[in-house]
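Notes follow the structure.
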Amino acid sequence: MIKLENVSKSYKGGTNTAALQNANIDIGKGEFVFLVGPSGSGKSTFIRLLNKEEDPSDGRIFVAGKDIGQLSSWKVPYLRRNIGCIFQDFKLLEKRTVAENVAFALEVIGRPRSVITKQVPAILELVGLADKVDSFPTQLSGGEQQRVSIARAFVNRPLILLADEPTGNLDPTTSVGIMRLLDRINRTGTTVVMATHDRGIVDTMRRRVVELDKGTIVRDQAQGVYE
Amino acid sequence: MALKISYMLKETGTNLVRRISLTIAAILTISISLALFGSSLLARDGVANATQRWEGGIEFVVWMNPEADADQDAAIRRSIEESPAVASSTYVSQEEAFEEFREMFADSPELIEAVEASDLPPSYRVVPTDPDADVVVELGSQFRNQPGVRDVVFASEAIKDIQLQANRISNGLLWVSIALLIASALLILNTIVVAIGARRQEIEVMKLVGASNWFIRLPFMLEGLVHGLIGAGFAVLAMWGVRNWVIDGFSRSQSLALLEGLKVNNAELINRSLWVLAIGVAVGIVGSAFAVSTKLDV
């Protein structure tokens, strides 16, 4: 599903600015992969490269069999429709309700109204927010906001879900709830790649762990632990 | 598709209303600049109509009698064409004179009804080699008493002066309006940049979930287009006002006999209005396209 061939990414300016160095990895369909490592190790860069928010300085990246480096800019949105993204800061629109935030993701890719009115309640039911459809993000707890963000990322049934520190702002109990939800989504066949600092979650879930250090993949372990 | 169009219109409308003061500023600037631009075009048209028979250096007109016979006409033609003091001349037949008359009074069909081609005298419009007033008068006067000639009319200094001053004024207006048009485009550009800034979060989410580039860009482009179109609409209204009250007012004025011919007919006004609308739309699109291409990194 995801393949990196000798991928490097460096930023202009400074001296030691290689965010990713000669990364090679193959992630299969339906896998759940944790990206671990200290801050600045290249986890977020890894995620941004998969979503083509950034381009690699070197190497090739394949998503669903396609070399995304060859995609022309007008095709990038179509790539992103197959990739859901969630973040530590949720990135919800405060002036829109829960239902409107989720519907927004379908509206802007031109889904018909009939599909939107069917899929939005269904996905909000799945993430456990059926009773909060008309609430605004500021009226929700952190865990609930992250569930909205997951609903928005998953409502279009993407092949891949990228999560950048999704539990970074949440307490441990709430984090467990979010991980259960991501696990459930993973079981539907969606490939999940999650960057995290949360040792407890990684050690409990025992999924594939890829460890980055200063931009280099130093460990790739099936059913791994945090360190 | 229906949802996409309604979404675009809704977003454009929200953007316009959300920053109403900027919207008004942009529309006012573009309408003032286009009103000046359009008025300068109308002034040109009016003066061109008023001085039509004196364009291209024509210094005097030899009016023939409609009843003049072919021999008389040939004699005059020969003496004009063979005169070394004449640079060029144009013969305007009765039909051509009637055609000009119809153009000039296109808005007064009753006047056109009342006149026939045979009522209008044919004429020779003469451009002398030397435009000096004394030379021209001497040359023109030679034809006055020849058989078949009804009259010889000279372009007065006043007409030449009107042409010169009107051209200066309309050129001045044109340059001022071009400067203001550039200001309008920049104002629209800044309005769109502010709109993009205010919606940065939404744009970020749209990009993440895979909205197409045009889907993100189009509401902003439409906003610029609406600025241009509404501004041009007001400018067109102002132009109709200028024609109906200012230009027609001059032509009705008894004290300025020379300005009686100052007229802009409906066809000319519609033509200029369409130009102004097209330029308004173009300025709106150019301003917003520039904002979108430089500030909206999709």
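The values are calculated or read from the model by the stated rules, or taken from the named source; none is laboratory data. The model shown is predicted, which means the values in this text are computed figures rather than measured ones. All Cβ positions, glycine included, derive from the backbone under ideal geometry; neighbour counts span all protein chains shown.
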Identify the single condition in (1) over 15 Å from the mean Cα position of the chain (by Cα); (2) assigned to a helix (DSSP H, G or I); (3) more than 12 Å from chain B (Cβ to nearest Cβ); (4) not aliphatic (A, V, I, L, M) that A:Ser114 does not satisfy, given that it satisfies every other one. (3)
Can you pull out the residues in the stretch B:95-128 that are in a loop (DSSP other than H, G, I, E, B) and under 19 Å from B:Met64 (Cα atoms)? B:Val115, B:Glu116, B:Leu120, B:Pro121, B:Pro122
If a residue has to be under 25 Å from B:Leu262 (Cβ atoms) and either surrounded by fewer than 15 Cβ atoms within 10 Å (Cβ to Cβ) or of a type in the set (S, T, N, Q) (or both) to count, how many in the stretch B:116-138 make the cut? 4
Residue within the stretch B:54-69 that is among the charged types (D, E, K, R), exposed (fewer than 15 other Cβ atoms within 10 Å of the Cβ) and over 29 Å from B:Ile162 (Cα atoms) present: yes
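Looking only at residues in the stretch A:150-161 that are assigned to a helix (DSSP H, G or I) and hydrophobic (A, V, I, L, M, F, W, C), which one is nearest to the other protein chains (Cβ to nearest Cβ)?
Of the residues in the stretch A:150-161, the ones assigned to a helix (DSSP H, G or I) are A:150-154.
From the residues that got through so far, the ones that are hydrophobic (A, V, I, L, M, F, W, C) too are A:150-151, A:153-154.
Details: A:Ile150: 13, A:Ala151: 12, A:Ala153: 8, A:Phe154: 11 Å.
Step by step, filter the stretch A:150-161, then rank; the result is A:Ala153.
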Being of a type outside the set (Asp, Glu) and without any contact (Cβ under 8 Å) to a residue 40 or more places away in the chain is the filter here, so list the residues in the stretch A:17-38 that pass it. A:Thr17
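Report yes if A:Arg80 is within 12 Å of chain B (Cβ to nearest Cβ), surrounded by 15 or more Cβ atoms within 10 Å (Cβ to Cβ) and free of Cβ contacts under 8 Å to residues at least 40 places away in the same chain, otherwise no. Break it down into steps so the answer makes sense when it comes.
Numbers: within 12 Å of chain B (Cβ to nearest Cβ): yes; surrounded by 15 or more Cβ atoms within 10 Å (Cβ to Cβ): yes; free of Cβ contacts under 8 Å to residues at least 40 places away in the same chain: yes.
Answer is yes for this residue.
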Restricting attention to the stretch A:210-227, does a residue exist that is within 23 Å of A:Phe90 (Cα to Cα), touching a strand residue (DSSP E or B) at 6+ places or on another chain (Cβ under 8 Å) and surrounded by fewer than 21 Cβ atoms within 10 Å (Cβ to Cβ)? no
Does the stretch B:198-220 include one or more residues that are of a type outside the set (Phe, Trp, Tyr), touching a residue at least 40 places away in the same chain (Cβ under 8 Å) and more than 14 Å from every other protein chain (Cβ to nearest Cβ)? no
Over the stretch B:1-31, the set of residues among the polar types (S, T, N, Q), touching a helix residue (DSSP H, G or I) at 6+ places or on another chain (Cβ under 9 Å) and more than 26 Å from A:Arg111 (Cβ to Cβ) is B:Thr23, B:Thr29, B:Ser31
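Being within 23 Å of B:Ala155 (Cα to Cα), β-branched (Val, Ile, Thr) and not in a helix (DSSP H, G or I) narrows it down to one of B:Ile58, B:Ile80, B:Ile76, so name that one.
Values: B:Ile80 fails: not in a helix (DSSP H, G or I); B:Ile76 fails: not in a helix (DSSP H, G or I).
Of the residues listed, the single one that is within 23 Å of B:Ala155 (Cα to Cα), β-branched (Val, Ile, Thr) and not in a helix (DSSP H, G or I) is B:Ile58.
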Which one of B:Ser141, B:Ser177, B:Ser184 is exposed (fewer than 15 other Cβ atoms within 10 Å of the Cβ) and hydroxyl-bearing (Ser, Thr, Tyr)? B:Ser141
Selection over the stretch A:117-149 where residues are crowded, with 16+ Cβ neighbours inside 10 Å, under 18 Å from B:Glu202 (Cα atoms) and either without any contact (Cβ under 8 Å) to a residue 40 or more places away in the chain or away from chain B (no Cβ under 13 Å) (or both) yields a count of 3
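Listed here are the residues, each with its yes/no results for (1) closer than 30 Å to B:Val194 by Cβ; (2) at pLDDT below 80.
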position: B:Thr12; (1), (2): yes, no
position: B:Ser21; (1), (2): yes, no
position: B:Ala35; (1), (2): yes, no
position: B:Ala50; (1), (2): no, yes
position: B:Asp69; (1), (2): no, no
position: B:Gln72; (1), (2): no, no
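Here are B:Glu204, B:Glu223: which of them is closer than 22 Å to B:Arg18 by Cα and surrounded by fewer than 19 Cβ atoms within 10 Å (Cβ to Cβ)?
Values: B:Glu223 fails: surrounded by fewer than 19 Cβ atoms within 10 Å (Cβ to Cβ).
Criteria check complete, one pass: B:Glu204.
Would you say A:Asp55 is at pLDDT 95 or above and out of contact with any Asp or Glu (no Cβ under 8 Å at 6 or more places or on another chain)? Reasoning before the result, please.
Numbers: at pLDDT 95 or above: no; out of contact with any Asp or Glu (no Cβ under 8 Å at 6 or more places or on another chain): yes.
It is false that A:Asp55 is at pLDDT 95 or above and out of contact with any Asp or Glu (no Cβ under 8 Å at 6 or more places or on another chain).
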